[in-house]
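A.B. asks: Dropping a structure here in C-alpha cells format, bear with me for questions.
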Amino acid sequence: MANSVLNQQNATAEVQWQPKDLVRGLVWKIAIATWLLMAVGSATRVMNAGLACPDWPLCYGQLIPAAQMNLQVFLEWFHRLDAAAIGLSAIALLGLSLFYRSRVPKWLPWASAGAVFLIVFQGVLGGLTVTQLLRFDIVTAHLGTALLFFCALLVIGFMLTPYEATGNIG
Ligand code: HEM
C-alpha cells in the first residue's frame, strides 16, 4: 500500500519534471556567475590590474602563476579562470538545449547558440584587451559585450519562467 502510494508520487514527479526547468536553473546560475565576474572585472580595472598577467591565454606562461601571485595578479588570473568556467557552462547550456530540443521551446537552441557566440567573442576581446595593452575601444567593447551577454541570459531566464495568471480581472 505504502509502496504503491510512493510509486504514484514518483510517477507524478516524473511527469511534472521538465527539461525546461533544468535549463532555466542553469541559465540563472550562469547569470549570477556573470554578474559576479563583471564585479571582478571592474575590480581588475580600478586596481590597475588589467596587465597584471602580461601574456594571454596563460599568465606568466603558467596555468597557476604561484610565484608571481599578489592581489593584482590574482584579480586578473581569477577573472580569466571564472570566465573560462562561464564559457564551459554556456557550452553545457547549448548541449542541453540541443539534447532536449523536442521538449524545450524551439527558440532555445538558437538563443543558447547566440550566448555561446557572445562568450567566445568576449573571450577574444578579453585576449585583445591584454595583447593590445588596454586599448580604450577594445576595453569598451569588452564591457559592452559583457552587458549584452548578461542581458541575453536574463531574457532567456525570464522567457523560460512559467507564467501564472492570478485569474483576477481589474
Ligand atoms: C564571461 C566573460 C567575461 C566577462 C563577462 C568580462 C567582464 C569584464 C568587465 C565587466 C570588466 C570591467 C570593464 C570596465 O570596467 O571597463 C572586465 C575587465 C577586464 N577583463 Fe573581462 N570579462 C570576461 C572575460 C575576460 C577574459 C577571457 C579575459 C582575458 C584576458 C578578460 C580580460 C579583462 C581585462 C584585462 C580587464 C581589465 C581591463 C582594464 O584594466 O581596463 N576578460 N571584464
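A.B. asks: Where residues in the range 107-139 are part of a helix (DSSP H, G or I) and near the ligand (Cβ under 7 Å from one of its atoms), which of them is farthest from the chain's Cα centre (by Cα)?
C.D. replies: Here is the first cut: in the range 107-139, the residues part of a helix (DSSP H, G or I) are 107-131, 136-139.
Checking the rest, the ones that are also near the ligand (Cβ under 7 Å from one of its atoms) come to 119, 122-123, 126-127, 129-130, 139.
Details: I119: 8, Q122: 11, G123: 12, G126: 15, G127: 18, T129: 20, V130: 21, V139: 19 Å.
Among residues in the range 107-139 that are part of a helix (DSSP H, G or I) and near the ligand (Cβ under 7 Å from one of its atoms), the one farthest from the chain's Cα centre (by Cα) is V130.
A.B. asks: Pick from the range 59-106 the residues that are outside any helix (DSSP H, G or I) and of a type in the set (A, V, I, L, M, F, W, C): which of them is farthest from L26 (Cα to Cα)? Explain how you work it out, then say what you get.
C.D. replies: First, the residues of the range 59-106 that are outside any helix (DSSP H, G or I): 59-70, 100-106.
Now narrow it down to the ones that are of a type in the set (A, V, I, L, M, F, W, C): 59, 63-64, 66-67, 69, 104.
Working: C59: 29, L63: 27, I64: 28, A66: 32, A67: 35, M69: 32, V104: 14 Å.
Checking each candidate, the answer is A67.
A.B. asks: Checking A146 against (1) surrounded by 12 or more Cβ atoms within 10 Å (Cβ to Cβ); (2) part of a loop (DSSP other than H, G, I, E, B), which single condition isn't satisfied?
C.D. replies: Of everything listed in (1) surrounded by 12 or more Cβ atoms within 10 Å (Cβ to Cβ); (2) part of a loop (DSSP other than H, G, I, E, B), A146 misses just condition (2).
A.B. asks: What are the residues in the range 72-103 that are without any contact (Cβ under 8 Å) to a residue 40 or more places away in the chain and within 14 Å of the ligand (Cβ to nearest atom), if any?
C.D. replies: Matches in the range 72-103: Q72, V73, F74, L75, E76, W77, F78, L81, A84, G87, L88, I91.
A.B. asks: Another one. I'd like to know if the range 72-81 contains one or more residues that are among the aliphatic types (A, V, I, L, M) and over 19 Å from the mean Cα position of the chain (by Cα).
C.D. replies: We begin by selecting, within the range 72-81, every residue among the aliphatic types (A, V, I, L, M); these are 73, 75, 81.
So of that shortlist, the ones also over 19 Å from the mean Cα position of the chain (by Cα) come out as 73.
There is at least one residue in the range 72-81 that is among the aliphatic types (A, V, I, L, M) and over 19 Å from the mean Cα position of the chain (by Cα).
A.B. asks: Right, here's the next one. Is there any pair linking a residue in the range 129-150 that is among the aromatic types (F, W, Y) to one that is more than 6 Å from the ligand (Cβ to nearest atom), with Cβ under 6 Å and at least six apart or on different chains, and which?
C.D. replies: F149/L118
Laboratory data are not the source of any read-out in this text; all were calculated from the coordinates shown. These figures come from a predicted structure and were not determined experimentally. In this analysis, Cβ positions are derived from the backbone assuming ideal geometry, glycine residues included, and neighbour counts consider all displayed protein chains.
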